[in-house]
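*Asks:* Pasting a structure here, questions to come.
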Amino acid sequence: MQAVTTLRSRLYDYAVLMRWHRPIGSLLLLWPTLWALWMAGRPSAQLVLVFVAGVFIMRSAGCVINDFADRDFDPHVKRTRDRPIAAGRVTPREAIVLFLVLCAVALVLAMRLNRLAIALAPAGAFLAASYPFTKRFTHLPQFYLGVAFGWGIPMAFAAQSATLPAAAWVMLGANIVWAVAYDTEYAMVDRDDDIRIGVKSTAILFGRWDRALIGISHVLTIVLLAWCGTLTGRGMLYYSGLAAAGVTAGYQQLLIRSRDRERCFRAFMNNNYFGAAVFVGLLLDYYR
């Protein structure tokens, strides 16, 4: 009985390490991938399943390597000090093994795609593995995160059409500035702790201009997504989805107005609705 309890506790710690209890990161990675799949054409059910599974696996891998990279910082931050590695419930070696297993599973999934998509996969793995270390060297890790979280976009276009049209790169640009918006809101939660321990972020770099630059980033996201719509011949239902996304961005400005930690975190979480609004508009327009 003790062995069963211990195993259950270990599996729970691994699940927490992979953030299975907090799916918001997977959703923020999933929405742009779904945008790209439908913007590139009518995806098959199998292709959608491969990309959805790939998103959740690579997000899990990214969380594991993130906590490995931050194992010396997390114990000093209120929000992260109880993470499994920081709290000593999972060893760094165990984390690396788990990361490699997840990457291997993702590779098996990628092998079901065409050659161009497979050729893009190693870059995605490198971006996921290297992102956590960028916050040590630059105040702009959110831009790098946008590329890492958006790499499913060119892969989706490649898998769908075996090409990389201009719309794929415009949408990747949209995802980069969207990541700057939502991850700056996220970084505002930890800004005081990050300054104290020397972690860099756009929340620190932007300073008192944080709200304005988050708003500009959201506007640029919508402008670039509108450009994608023009390039691919989308109709009014798609642009209605962009308008709904704009409403969520406006609501986030109200949430972060006081720069209260809890409200900044709520603003970050609200970006799930931003991504969903864009996808619903695209889906309705595609099947109108």
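*Asks:* Which ranges mark the helices (runs of 4 or more DSSP H) fully within the range 108-167 that have 2 or more residues being surrounded by fewer than 23 Cβ atoms within 10 Å (Cβ to Cβ) and either free of Cβ contacts under 8 Å to residues at least 40 places away in the same chain or among the acidic types (Asp, Glu) (or both)?
*Replies:* Ranges flagged: 115-134, 141-150.
*Asks:* Next question, about the same structure. Can you run down the residue pairs with Cβ atoms below 9 Å, 6 or more apart or on separate chains, where the first is in the range 66-93 and under 20 Å from Asp192 (Cα atoms) and the partner is surrounded by fewer than 20 Cβ atoms within 10 Å (Cβ to Cβ) and of a type in the set (S, T, N, Q)?
*Replies:* If the second residue must be surrounded by fewer than 20 Cβ atoms within 10 Å (Cβ to Cβ) and of a type in the set (S, T, N, Q), the pairs left are Asp67/Thr80; Asp70/Thr80; Phe73/Thr80; Asp74/Thr80; Ala86/Thr80.
*Asks:* Scan the range 178-189 and give yes if some residue there is part of a helix (DSSP H, G or I), without any contact (Cβ under 8 Å) to a residue 60 or more places away in the chain, under 20 Å from Trp31 (Cβ atoms) and of a type in the set (Ser, Thr, Tyr), otherwise no.
*Replies:* Yes, the range 178-189 contains at least one residue that is part of a helix (DSSP H, G or I), without any contact (Cβ under 8 Å) to a residue 60 or more places away in the chain, under 20 Å from Trp31 (Cβ atoms) and of a type in the set (Ser, Thr, Tyr).
*Asks:* Let me ask something else. May I ask you to verify whether Val189 is β-branched (Val, Ile, Thr), surrounded by 15 or more Cβ atoms within 10 Å (Cβ to Cβ) and modelled with pLDDT of 95 or more?
*Replies:* No; evaluated as a whole, the condition is false for this residue.
*Asks:* Being out of contact with any Ser or Thr (no Cβ under 7 Å at 6 or more places or on another chain), closer than 30 Å to Gly229 by Cβ and part of a helix (DSSP H, G or I) is true for just one of Leu11, Leu49. Which residue is that?
*Replies:* One residue alone meets the criteria, Leu49.
*Asks:* On to the next question. Please work out which residue is modelled with the lowest pLDDT, limiting yourself to the range 30-46 and to residues that are among the polar types (S, T, N, Q) and in a helix (DSSP H, G or I).
*Replies:* Among those that are among the polar types (S, T, N, Q) and in a helix (DSSP H, G or I), it is Gln46.
*Asks:* For the range 254-272: of the residues being surrounded by fewer than 16 Cβ atoms within 10 Å (Cβ to Cβ) and not charged (D, E, K, R), which is nearest to the chain's Cα centre (by Cα)?
*Replies:* Among residues in the range 254-272 that are surrounded by fewer than 16 Cβ atoms within 10 Å (Cβ to Cβ) and not charged (D, E, K, R), the one nearest to the chain's Cα centre (by Cα) is Leu254.
Residues checked against (1) out of contact with any Cys (no Cβ under 8 Å at 6 or more places or on another chain); (2) surrounded by 14 or more Cβ atoms within 10 Å (Cβ to Cβ); (3) of a type in the set (Lys, Arg):
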position	(1), (2), (3)
Met18	no, yes, no
Trp38	yes, yes, no
Arg42	yes, no, yes
Ala45	yes, no, no
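*Asks:* Which residue out of Arg83, Arg71 is basic (Lys, Arg) and surrounded by fewer than 20 Cβ atoms within 10 Å (Cβ to Cβ)?
*Replies:* Details: Arg83 fails: surrounded by fewer than 20 Cβ atoms within 10 Å (Cβ to Cβ).
Within the list Arg83, Arg71, the selection yields Arg71.
*Asks:* Restricting the range 236-248 to residues that are out of contact with any Asp or Glu (no Cβ under 8 Å at 6 or more places or on another chain) and under 19 Å from Leu30 (Cβ atoms), which is surrounded by the fewest Cβ atoms within 10 Å (Cβ to Cβ)?
*Replies:* Ala244
*Asks:* I've got another one for you. Please name all residue pairs, on different chains or six or more residues apart, with Cβ atoms under 8 Å, provided the first residue is in the range 19-43 and is under 12 Å from Asn272 (Cα atoms) and the second residue is surrounded by fewer than 22 Cβ atoms within 10 Å (Cβ to Cβ) and of a type in the set (D, E, K, R).
*Replies:* So the pair list comes out as Gly25/Arg19; Ser26/Arg19.
The values are calculated or read from the model by the stated rules, or taken from the named source; none is laboratory data. Fair warning: this is a prediction, and the values are worked out from it, not measured in the lab. Here the Cβ is made from the backbone with ideal geometry for all residues, glycine too, and neighbour counts use every protein chain on show.
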